[in-house]
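A.B. asks: Handing you a structure now.
Derivation of every value follows stated rules applied to the coordinates shown; laboratory data play no part. Note that the structure is a prediction, hence the values are computed from the model and not measured. Here the Cβ positions follow ideal geometry from the backbone for every residue, glycine too, while neighbour counts run over all protein chains shown.
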Amino acid sequence: MILEVNNLSMKFDTKTVFQDLNFKLEAGSMTALLGPNGTGKTTLIKILMGMLKPTGGSFKFDKNVRLGYVPQFRNIDAEYPLSIRAFIGLNAHLFKTKKVREQIDHQLAETHLSQIQNTRMGEASGGQKQRAYLAQALLDHPNMIILDEATASLDPAAKEELMGLIKHLNQEHKITVLFVTHDIPLAKKYMTDYLYLNKGTIRQGKMSEFKEDFE
């Protein structure tokens, strides 16, 4: 078990976002976090990442968890000066030892960015930028990655490439994946399990059996 959530509740002033959420994630699982807008998916992620304190309940990661995070696509200004390689290296020590340089080389290869590593981030496509964010997260050797709407705003080919990489990381490196998304077809193609957050409660099941009830 990589994550266990018990009776987790969150309120802002008088508004209850969710109450008594209970679920578990197995190590090596691929889970989509689904639900309509405004149901608290982002709030739940912020709690799990330690950015918000819940008003009730608890959650516990495995003691050996190393968490990686890939954000929603943020357009980087066309004039942004750093190369893809330098951008990925922002997550590494300022002094780039041979070992760190080798790790950056490895993640560039892993995310199919080696050929364009000297391209400025500002000139990269949306899909290339998202893969650079993924490579940046991978530098810390996570064994669990949270993808926060990471495929939103990408074109279909870029979505498929990013999710193909995520599937590879899961299968080859046993990285646990929690993928926040509204893209049900994409989730059905790549994820095996789902968490469905709606009306303050959560439901868990197999992605192949997911029935959308956004009512």
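A.B. asks: How would you rank Asp13, Asp183, going from fewest to most other Cβ atoms within 10 Å of each one's own Cβ?
C.D. replies: Going from least to most buried by this count: Asp13, Asp183.
A.B. asks: Taking the chain as a Gaussian network, where each spring joins two C-alpha atoms under 10 Å apart, which residue of Phe23, Phe61, Phe12 fluctuates the most?
C.D. replies: Answer for the Gaussian network model of the chain: Phe12.
A.B. asks: On a C-alpha basis, how far is the centre of the stretch 3-72 from the centre of the stretch 147-209 in Å? Whole number, if you could?
C.D. replies: Using only Cα atoms to place each centre, the spacing works out to 16 Å.
A.B. asks: Mean separation of Cα pairs under 8 Å and 6+ residues apart, divided by the residue count of the stretch 72-174: what relative contact order is that in percent?
C.D. replies: RCO, the stretch 72-174: 38 percent.
A.B. asks: Take the chain, connect every pair of alpha-carbon atoms lying under 10 Å apart with a spring to form a Gaussian network, then pick out the residue of Met51, Met121, Met144 with the largest mean-square fluctuation.
C.D. replies: Met51
A.B. asks: What is the total of Lys pairs in the stretch 5-50 with C-alpha atoms under 16 Å apart, excluding same-chain pairs fewer than 8 positions apart? It would help to have the intermediate numbers written out before the result.
C.D. replies: On the way: Lys11/Lys41; Lys11/Lys46; Lys15/Lys41; Lys24/Lys41.
Count of close lysine pairs: 4.
A.B. asks: Continuing with this model, one more query. Using the charge dipole of the chain (Lys, Arg: +1 at Cβ; Asp, Glu: -1 at Cβ; taken about the Cα centre), state which of Leu162, Thr39, Gly68 has its Cα farthest towards the positive end.
C.D. replies: Among Leu162, Thr39, Gly68, the one farthest towards the positive end of the dipole of the chain is Gly68.
A.B. asks: Out of all DSSP beta bridges in the stretch 106-215, what portion is antiparallel? Express it as a percent rounded to 5.
C.D. replies: Close to 55 percent.
A.B. asks: By count of other Cβ within 10 Å, fewest leading, how are Tyr196, Tyr133 ordered?
C.D. replies: Tyr196, Tyr133
A.B. asks: For Cα pairs less than 8 Å apart in space and 6+ apart in sequence, what is the mean separation divided by the residue count of the chain, i.e. the relative contact order in percent?
C.D. replies: 30 percent
A.B. asks: Related question: Among Ser9, Ser29, which comes first, second and so on when ranked by fewest other beta-carbon atoms within 10 Å?
C.D. replies: Going from least to most buried by this count: Ser9, Ser29.
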